[in-house]
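These notes are about the structure you will find just below.
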Amino acid sequence: MDAITRELAFQLLIDETEKVYTLIDSQKQHLCFAACPAFEEVVDTQLYGLSKQIDYAVKLGVLDQNAGMKILSDLEYSLNNMYTNYYEQNKNNPQFKGE
């Protein structure tokens, strides 16, 4: 088996990060996560899996720990921003229950 370069390993990690961003962005467009209670579980699972991949990449020396923390922090910020926007848009809706 050929050795995996740092660049390839890092790119694979970035690809996985983009998958989570895509999941979050799709929810931003549909704003249906209040009606889809599984969304939070799915995104939590994705973030957990990504955090384990980042930990592994840090241990291998492919990624600096601060860079890994920044990736997760940026994803969590994006997710929190999505929830905030959703609640702000719906807080005056009489049918909105804040779920």
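Just so you know, all these numbers are worked out from the coordinates, no wet-lab data involved. All figures in this text were calculated on a predicted structure; none of them were measured in a lab. For neighbour counting, all protein chains shown are included, and Cβ atoms are generated from backbone atoms with ideal geometry for every residue, glycine included.
Once fully extended, how much extra length lies between SER78 and LYS59, figured as 0.36 nm per residue of separation less the alpha-carbon to alpha-carbon distance?
Numbers: separation 19, 0.36 × 19 = 6.84 nm, distance 2.60 nm.
Net length gain for the segment: 4.2 nm.
Taking 41 Å as R0, compute the FRET efficiency from the Cβ-Cβ separation of ARG6 and ASN85 and round it to 0.05.
On the way: r = 36 Å, r/R0 = 0.89.
Computed FRET efficiency for ARG6 and ASN85: 0.65.
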